[in-house]
Amino acid sequence: MMAGPVLEHLGETKLELGPVNRGEGPWLRDEADGIVWLALDRGDGSVNTVSRDVIKGLQSHIETLESDTPGAVVIRSAKMAGFAAGADITGFDDMASDGAAELLKQGHDVLDRLEALDCPTICVVHGAALGAGFELALACDWRIAVDDASFGFPEVQLGLHPGLGGTFRLPALIDPVEAMTLMLTGKTAHTDKARKLGIADLVTQERHVAAAVDAIVSGDVERDAPGLRARAMGFDQARRLAARQMRKETEKKAPKQHYPAPHRLIDIWEEHGDDRVAMQRAEIESFATLLDSDTSKNLRRVFFLRQDMKDKGRGEDGIDHVHVIGAGAMGGEIAAWASIKGKTVTLGDIDLDPLGEAVKKARAVCKEMHLSAIETRNALDRMMPDPRGYGVAQADLLIEAVPETPDLKEKVYNRLKGQMKQGAILASNTSSLRLAKLKGDAPDPSRFAGLHFFNPVSKMDLVEVVRHDGTADDVTRRLAAFCGEIGKLPVQVTDYPGFLVNRALMPYLMEAMVMMDEGVDKEVIDTAAIRFGMPMGPVTLADQVGLDICLHVAESLKGALDKPMADISDRLREKVEVGDVGKKAGQGFYDWSEGTPHPDSDLDDAADDLTDRLILPMLNACVECLRKDVVKDADAIDGAMIFATGFAPFRGGPIHYARARGAKEIRKRLEELTGKHGERLAPDLGWQDLGARDASGRS
Ligand code: NAD
């Protein structure tokens, strides 16, 4: 058994590395039996990111190793949370302005030198090795995966592709088509898959790491030679064929016009996939160009918006037990989600059938999330059907999700009086009723708020935390923390008609229906929105949300807003009357019996103002919400619209898009549209403010 650093988990966040030389910089160094151990421990955070100082520190260690070469070098992380989460994105803007290509070349040079060391280099990965972390691992000769390791390239989500050698090292290591798929989709390969693909040479447990290193150094570990496909991809023609297929698949999920990065990657691989030097040059050049693109800047913005929302959900929620009232489409899934995320949940309903359905749904969500049998059992154990409502008296939080009828909600609240625990919170999942009207029936109005989840709960990240004018601050703070605890992104909103998201979304959906009434084909309308960058068109979205729900929200908004809205389409009413309410009925505006529709129409004959007529009313409502302080600031609006509706992420959010296009220009356009189509499109007063703020230098 090899002597060397003792690698046992110590405390909460660090691995004990024996008598390490703490030294300067983010790398810890230790040496035993001729093997040098370098452990990455960057900053005070729980995870490592790869920054300039990490590369610089590694460079100085490599200089020493080049002149005094040991028997082997082992690279690993000193952080319990994992190997490295990727490059330090906070440094990307500086990198772009400091000459990205030159900085990248320096980074490549360091990894090339690591790769060229005249001794075995071994990377030990526990937890995630993503992006630049994965690239660091790839520059080593061998990779040992510990228990829960995962490898991946999430760069495409930031409008980039790997930039530190991943584009040529991974295809050289494993089946190149698998390598490209990982890079193009951003998906991660967990331990077993990583072993199967050939990314990890060994999979072991933490306590066997030293023995695994020993086995590699002693030459006891063999590696498969590259397979047939790897050899075939050395030929231009084979790559050309594979690239054509990749382009087709990629275009479906990430159209080239909006998301150039994966397409650039396919281009350079097709052209240089058989020439490492040329590929390296092309990777650096392409990465530097992409870094400066609007798409990447906006996607990085989205990354930080998410971080910001996560931060707003930090803190103690003081909520162990949740009681959900109403086990329908929303309540059932809210209960499932909260129990999967560790809360004790009781779930009530006046009928028994929905409770059974909710348990089935919970099982399905566990499956979709690839939870293990034990995790699934634990989640289901925590979720207790409770038709008699025993949980009411025990719960720290009650979430009401009964049908959207004020009288019914009133009855439910009245029954809770005198039953809830001291300090417990009552939150309604209402999507269109005003809390001001409901609060009078709540047992304690100061402990009553809205907690507006979106459908489907397991897929939609955003939750609106709604306060009325009497909600206690501590209640909204705890509800935001609850969202954080169950892995959702909270946005605090006021009790405005439709709150933020439905207020902004409705004019978009309603305008699409007006257009259909005018005779515009639904597929043309949806295609226009998809080309703008929306994940689906408004007609498909309305069907997915449920036409009954759309009608209900539209009616309640129409009665509550102090400005004109589109007339509610007769077609919508008719659909609801006959029960063709969309996806859940198998028929709405589209036929869903064969699955999700994928409209793709020719827009050549479409009216010029089609896209603006759809998108600008949504922006107009966002500006109104900003002016009326429905949310704290423009970033909260952008984040909420992206994470609840999928608003074209590469545009950075509705307000960001409006500013980039110009507030004045949009106001003018809305005036034109008003003249042509009616007062409902009149620009909100807030555009002047936004324009003035732009003129004063805000971007
Ligand atoms: P649903 O009709 O699917 O489910 C409601 C459930 O409540 C049913 O199972 C019903 O049996 C039960 N119920 C009725 N009366 C009850 C009572 N007195 N006590 C206990 N349970 C009772 O409705 P849903 O779509 O889940 O909507 C619930 C709430 O969530 C509504 O306020 C709705 O506006 C809101 N919401 C819905 C969506 C959506 O897309 N469906 C999205 C966001 C918010």
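Return the only residue of Ala129, Ala87, Ala149 being under 30 Å from Glu249 (Cα atoms), touching a Gly at 6+ places or on another chain (Cβ under 6 Å), in the same structural domain as Ser286 (by TED's automatic domain parsing) and surrounded by 22 or more Cβ atoms within 10 Å (Cβ to Cβ).
On the way: Ala129 fails: touching a Gly at 6+ places or on another chain (Cβ under 6 Å); Ala149 fails: touching a Gly at 6+ places or on another chain (Cβ under 6 Å).
Going through Ala129, Ala87, Ala149 in turn, just one is under 30 Å from Glu249 (Cα atoms), touching a Gly at 6+ places or on another chain (Cβ under 6 Å), in the same structural domain as Ser286 (by TED's automatic domain parsing) and surrounded by 22 or more Cβ atoms within 10 Å (Cβ to Cβ): Ala87.
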### Message
So the check is Cβ under 8 Å with 6+ separation or different chains; which pairs have a first residue in the stretch 119-142 that's within 16 Å of Asp41 (Cβ to Cβ) and a second one that's assigned to a helix (DSSP H, G or I) and of a type in the set (Asp, Glu)?
### Response
His126/Glu206
### Query
Any idea which of (1) in a helix (DSSP H, G or I); (2) under 29 Å from Cys119 (Cβ atoms); (3) open to solvent by less than 70 Å² (accessible area, probe 1.4 Å) is the one Val203 doesn't satisfy?
(1)
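Give the number of residues within the stretch 240-260 that are open to solvent by less than 30 Å² (accessible area, probe 1.4 Å) and either free of Cβ contacts under 8 Å to residues at least 60 places away in the same chain or in contact with a strand residue (DSSP E or B) (Cβ under 9 Å, 6 or more places away or on another chain) (or both). Let's see the steps before the verdict.
So in the stretch 240-260, the residues open to solvent by less than 30 Å² (accessible area, probe 1.4 Å) come out as 242-243, 246, 250, 254, 258.
If we keep only those that are either free of Cβ contacts under 8 Å to residues at least 60 places away in the same chain or in contact with a strand residue (DSSP E or B) (Cβ under 9 Å, 6 or more places away or on another chain) (or both) too, we end up with 243.
Residues meeting the conditions: 1.
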#### Entry: Residue list for the stretch 438-458, filter: within 12 Å of the ligand (Cβ to nearest atom) and within 26 Å of Phe647 (Cα to Cα)
Gly450, Leu451, His452, Phe453, Phe454, Asn455, Pro456, Val457
### Query
Can you find a residue in the stretch 528-537 that is over 21 Å from the mean Cα position of the chain (by Cα), surrounded by 24 or more Cβ atoms within 10 Å (Cβ to Cβ) and within 16 Å of the ligand (Cβ to nearest atom)?
no
### Task
With the condition kept exactly as written, say whether any residue in the stretch 290-306 is of a type outside the set (Asp, Glu), surrounded by fewer than 18 Cβ atoms within 10 Å (Cβ to Cβ) and over 21 Å from the mean Cα position of the chain (by Cα).
no
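Would a scan of the stretch 299-321 turn up a residue that is part of a helix (DSSP H, G or I), among the aromatic types (Phe, Trp, Tyr) and away from the ligand (no atom under 16 Å from the Cβ)? Walk me through how you get there before you give the answer.
As a first pass, look at the stretch 299-321 and keep what is part of a helix (DSSP H, G or I): 299-312.
Narrowing further to those that are among the aromatic types (Phe, Trp, Tyr): 303-304.
If we keep only those that are away from the ligand (no atom under 16 Å from the Cβ) as well, we get 303-304.
Checked against the condition, which is being part of a helix (DSSP H, G or I), among the aromatic types (Phe, Trp, Tyr) and away from the ligand (no atom under 16 Å from the Cβ), the stretch 299-321 yields at least one hit.
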### Query
closer than 28 Å to Gln422 by Cβ, within 16 Å of the ligand (Cβ to nearest atom), of a type in the set (Val, Ile, Thr) and not in a helix (DSSP H, G or I) - does that describe any residue in the stretch 379-394?
no
### Task
Would you mind stating whether Ala585 is among the hydrophobic types (A, V, I, L, M, F, W, C) and open to solvent by 20 Å² or more (accessible area, probe 1.4 Å)?
yes
### Task
Output the qualifying pairs, or none if there are none: Cβ atoms under 6 angstrom, residues six or more apart or on different chains, first residue in the stretch 62-87 and of a type in the set (D, E, K, R), second residue crowded, with 21+ Cβ neighbours inside 10 Å.
Arg76/Ala39; Arg76/Val124; Lys79/Asn48
### Subset of the stretch 540-562 [open to solvent by 10 Å² or more (accessible area, probe 1.4 Å) and part of a loop (DSSP other than H, G, I, E, B)]
Leu561, Asp562
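Could you grab me the full set of residues in the stretch 452-505 that are among the basic types (Lys, Arg) and under 18 Å from Pro654 (Cα atoms)? Write out each step before concluding.
The initial filter retains those residues of the stretch 452-505 that are among the basic types (Lys, Arg), namely 459, 467, 477-478, 488, 503.
Scanning the stretch 452-505 gives a single hit, Arg503.
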### Task
Would you check if there is a residue in the stretch 330-343 being more than 9 Å from the ligand (Cβ to nearest atom) and more than 25 Å from Asp396 (Cβ to Cβ)?
no
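Please find, within the stretch 664-692, the residue that is nearest to Asp629 (Cα to Cα) out of those that are open to solvent by less than 40 Å² (accessible area, probe 1.4 Å) and of a type in the set (Gly, Ala, Ser).
For the stretch 664-692, the residue satisfying everything is Gly686.
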### Cβ pairs under 6 Å, 6+ apart, first in the stretch 181-193 and small (Gly, Ala, Ser), second open to solvent by 10 Å² or more (accessible area, probe 1.4 Å)
Gly186/Pro154; Gly186/Val156; Gly186/Gln157; Ala189/Leu197
### Message
Can you pull out every residue in the stretch 414-437 that is open to solvent by less than 60 Å² (accessible area, probe 1.4 Å) and either near the ligand (Cβ under 10 Å from one of its atoms) or more than 25 Å from Glu555 (Cβ to Cβ) (or both)?
### Response
Leu416, Met420, Gly423, Ala424, Ile425, Leu426, Ser428, Asn429, Thr430, Ser431, Ser432, Leu433
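Name the one entry in Asp93, Asp68, Asp53, Asp44 that is surrounded by fewer than 21 Cβ atoms within 10 Å (Cβ to Cβ), of a type in the set (D, E, K, R) and in contact with a Gly (Cβ under 8 Å, 6 or more places away or on another chain). Quick ask: steps written out before the conclusion?
Working: Asp93 fails: in contact with a Gly (Cβ under 8 Å, 6 or more places away or on another chain); Asp68 fails: in contact with a Gly (Cβ under 8 Å, 6 or more places away or on another chain); Asp44 fails: in contact with a Gly (Cβ under 8 Å, 6 or more places away or on another chain).
Exactly one residue qualifies, and that residue is Asp53.
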### Task
Output the number of the condition that Ile399 fails; it satisfies all remaining conditions of (1) within 8 Å of the ligand (Cβ to nearest atom); (2) in contact with a Gly (Cβ under 9 Å, 6 or more places away or on another chain); (3) within 24 Å of Pro445 (Cα to Cα).
(1)
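Could you say which residue among Ala329, Ala358 is open to solvent by 40 Å² or more (accessible area, probe 1.4 Å) and of a type in the set (A, V, I, L, M)?
Working: Ala358 fails: open to solvent by 40 Å² or more (accessible area, probe 1.4 Å).
After applying the criteria, what remains is Ala329.
Inside the stretch 94-194, counting only helices (runs of 4 or more DSSP H) that do not spill past its ends, which hold 3 or more residues that are among the hydrophobic types (A, V, I, L, M, F, W, C) and farther than 14 Å from Ile55 by Cα?
Working: elements: 100-116, 132-138, 166-173, 176-185.
Where helices (runs of 4 or more DSSP H) fall fully within the stretch 94-194 and carry at least 3 residues being among the hydrophobic types (A, V, I, L, M, F, W, C) and farther than 14 Å from Ile55 by Cα, they are 100-116, 166-173, 176-185.
The values are calculated or read from the model by the stated rules, or taken from the named source; none is laboratory data. Note that the structure is a prediction, hence the values are computed from the model and not measured. Note that we place each Cβ from the backbone using ideal geometry, even for glycine, and neighbour counts take in every protein chain shown. In case anyone asks, the SASA skips ligands and DNA or RNA and just uses the protein heavy atoms, side chains included. Shrake-Rupley method; radii C 1.70, N 1.55, O 1.52, S 1.80 Å.
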